[in-house]
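Below: the structure, in structure tokens.
The values are calculated or read from the model by the stated rules, or taken from the named source; none is laboratory data. Just so it is clear, the model here is predicted, and its values are computed rather than measured. No Cβ is skipped: glycine too gets one built from the backbone with ideal geometry, and neighbour counts run over all protein chains shown. Note: areas computed on protein heavy atoms with side chains; ligands, DNA, RNA excluded. Shrake-Rupley method; radii C 1.70, N 1.55, O 1.52, S 1.80 Å.
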Amino acid sequence: MIVIAAVLAGCAGGPETKSPDNEVKQTPQDVVEASAPLPRSRFSAQFSRAEQYLLAFDWMAAGNTLADIPPEQTNATDGQYLGYLQARILYLKGEQTEARELLEALSRSSLDPAIQSKINNFQRYMLSMSGKPIESARYSDLQLKNVPAGQPGADALIESIWYDLQRAPAAELRAAMTGTTDRQWQGWITLSLLTAESKSDAALRQGLTRWRAENPVHPAAGKLPGGLEYILQQNTSLEKVAIMLPLSGRLAPAGKAVRDGYLANYYTSQRAGDAPLELQIVDLDRYDSVVTAYEEATSAGAQLVIGPLSKQAVATLGKHPNRQTPILTLNQIGGLLPTSTTALIQLALAPEDEAGQIARLAFGEGARRAVIIRPGGSWGSKMEQALTEQWTALGGQVSGVASYSSQEDYSSSMATALNLPESEQRARDVRSMLATNIEFTARRRQDLDAIFLLCRNGSEARSLKPLLAYHYAGELPVYATSAIYRGTPDKRDKDLNGVKLLETPWLLNENPALRTTLNREIKGNNNYARLNALGADAYLLQSRLSQLQAGPNVHIRGNTGLLSLDPQLRIVRELQPATFDGSALKAH
């Protein structure tokens, strides 16, 4: 974080940077504990053992441990703790409605403070996971009113509220503002809308100053959340930026799309009050190496270099021993980079990030046992690995994997994943045993509640999705990545009706002003819409470099997703859920 602070003069005097260990995670394990310890109990050992089983997602072992506790020997607080643990078990089993009802019933009685804290935290987690970020934030805000400032848990609740509100679309935030008279809640919504609707860094800074003056006793006023505090402390701006992209060779269409997205945000922000900026646009195709282009840009006075676009070029710059100017790359590489005093921040449209996020979406909606259908080859393997890691980390189970190498494999691969050949073999065995023909309908395996369709494009998805109904699995929810959507309406996508995926805010029309600028002033096109969004976010991050000093607690509403930062200075994107409704893609 020190090298980020050094990018802009005067930014190093901000609040102390938090370590990654302080990151607020939306999981049931990270409980905002009350100051009081758990009540003493003769069954403390069993309760502790059940908690450990639940942390390992072994709800069956947890249930067996609790079953050994004689009900007649428990007191009131034992019953409360038992109820909480049983709700956790129900949730892991996928019985979310029952889990919520049990916790609500417990909350209607007088609870031990420590148990109440655990219940509150788990209720927030369920709301957040189920795609209800505003409800989760509202619940957290009500809790915050009972936690004095500076007490354990207050800071974690503030960051949790902010994270949830930043995940919510602006339209939902405006709807949440209507009908409420709660000043503290109104303050949260107003602050979040500032970040969603400010058209420039200058406008956001002015809005934050005004908001703090109007809400001096608000819990977020002391230290603005999500890294916003650093924006107010920034007293200088970049004066010259170099943008290194391929603009005349094989990758020129992609490079021009990124450039156009950057310029769309640049022009929009200039009109809204951002400071003038000298741009140096560098065509990498005219240089013998990316290092030569970088060093020339540095010699010409660039204070920040944006690019390159290819993974190989990013790797070359990452290993360059004499980096003098900070870099915001437009792709990312795996592993750790050599230590340097100059920041290299990696922003990318990494599809494997989406694979992990659809796992979270499916789990939050109640799925627990799923089949993965993917293409053969390294891309499909990488996607499967990313999905499986997140799915199992949440507590889900992969019940089968089917891969296909060609269109001829689609039906057979899907049938195998659903265990239809076994069902058909049982029918043949019965016919043989009875020596007569019998009526028979194949049955798929019954232990599934979701399908992950990791297709490379819409054509594959449109061919595979209808086969689910043919193979008796048409009622199962289907989850996919944005790879199946071209970014423009297509009547053929009616075959994807009901498929749930994650998409960039840019393609869900969250920032129409930028698209208007792109189309009318820059004369760009929508053939590479996600790369337009990538360029727009390059400008956004350039203007928010100071905010990145917040480390893992930073949250920036971007055009490619909600942006945060990992310890390796990689930008993490959280996309928005959407569903195909007929042939149209709609946010949900």
- Item | Cα-Cα pairs of the range 234-370 separated by more than 26 Å (percent) | 34 percent
- Item | ALA67-ALA272 pseudo-label distance in nm [points 7 Å out on the Cα-to-Cβ vector] | 5.8 nm
- Item | THR339-LEU142 FRET efficiency (beta carbon distance; Förster radius 51 Å; 0.05 resolution) | 0.65
- Item | Electrostatic dipole magnitude of the chain [Cβ: Lys, Arg +1; Asp, Glu -1; Cα centre; debye, to 20] | 820 debye
- Item | Residue-level accessible surface for LYS523, protein heavy atoms, 1.4 Å, Å² | 150 Å²
- Item | Accessible surface of PHE580 - all protein chains present, 1.4 Å probe, nearest 10 Å² | 0 Å²
- Taking only the alpha carbons of the range 272-340, what extent do you get along each of the three principal axes, in Å, biggest first? 39, 26, 20
- Task: Quick one: work out the % antiparallel among DSSP beta bridges in the chain, nearest 5.
- Result: 30 percent
- Message: Principal axis extents for the range 97-160, Cα atoms only, whole Å, descending order, please.
- Response: 35, 29, 13
- Please give the per residue accessible area of the chain, computed with a probe of 1.4 Å over protein heavy atoms only, in Å². 43 Å²
- Note on the structure: Toy charge model, Lys and Arg Cβ at +1, Asp and Glu Cβ at -1: the range 482-588 dipole around Cα centroid in debye, rounded to 20, equals 200 debye
- Note on the structure: Expected unfolding gain across SER44-ASP288 under the 0.36 nm per residue rule, minus the alpha-carbon gap, is 81.0 nm
- Dividing the surface of the Cα convex hull of the range 504-550 by four yields a projected area in nm² of 3.6 nm²
- In cubic angstrom per residue, the convex hull of the chain built on its Cα atoms measures 183 Å³
- Query: By accessible area of protein heavy atoms, probe 1.4 Å, what ranking do ILE281, ILE134 get, highest first?
  - Reply: ILE281, ILE134
- Task: Give, in nm to one decimal, the length gained when the segment between ASN527 and SER248 is fully stretched (0.36 nm per residue of separation minus the Cα-Cα distance).
- Result: 98.7 nm
- Item | Over the chain: helical MRE at 222 nm, DSSP H runs n ≥ 4 each giving -39500 (n - 2.57), nearest 500 | -14500 deg cm²/dmol
- Task: Return the whole-Å distance between the Cα centroid of the range 282-342 and the Cα centroid of the range 67-81.
- Result: 62 Å
- With point charges of +1 on the Cβ of Lys and Arg and -1 on the Cβ of Asp and Glu, referenced to the Cα centre of the range 469-588, which listed residue (ALA513, PRO552, TYR485) lies farthest in the positive direction of the dipole? ALA513
- Message: At R0 = 22 Å, how high is the FRET efficiency between ARG520 and THR488 if r is their beta carbon distance? Nearest 0.05 is fine.
- Response: 0.80
- Query: Do you know the relative contact order of the range 141-265, to the nearest whole percent, from alpha carbon pairs under 8 angstrom that are 6+ apart?
  - Reply: 18 percent
- Task: Just report the Cα centroid separation between the range 458-534 and the range 85-146, whole Å.
- Result: 34 Å
- Task: Estimate the FRET efficiency between SER378 and ILE281 by the formula 1/(1 + (r/R0)^6), using the beta-carbon distance for r and 45 Å for R0, to the nearest 0.05.
- Result: 0.85
- Task: Give the relative contact order (percent, whole number) for the chain; include only Cα pairs under 8 Å separated by 6+ residues.
- Result: 16 percent
- Taking the Cα centre of the range 75-115 as the origin, how large is its charge dipole in debye, to the nearest 20, when only Lys and Arg (+1) and Asp and Glu (-1) carry charge on their Cβ atoms? 80 debye
- Using a 1.4 Å probe over the heavy atoms of the protein chains, calculate the carbon and sulfur portion of the accessible area of the chain as a whole percent. 49 percent
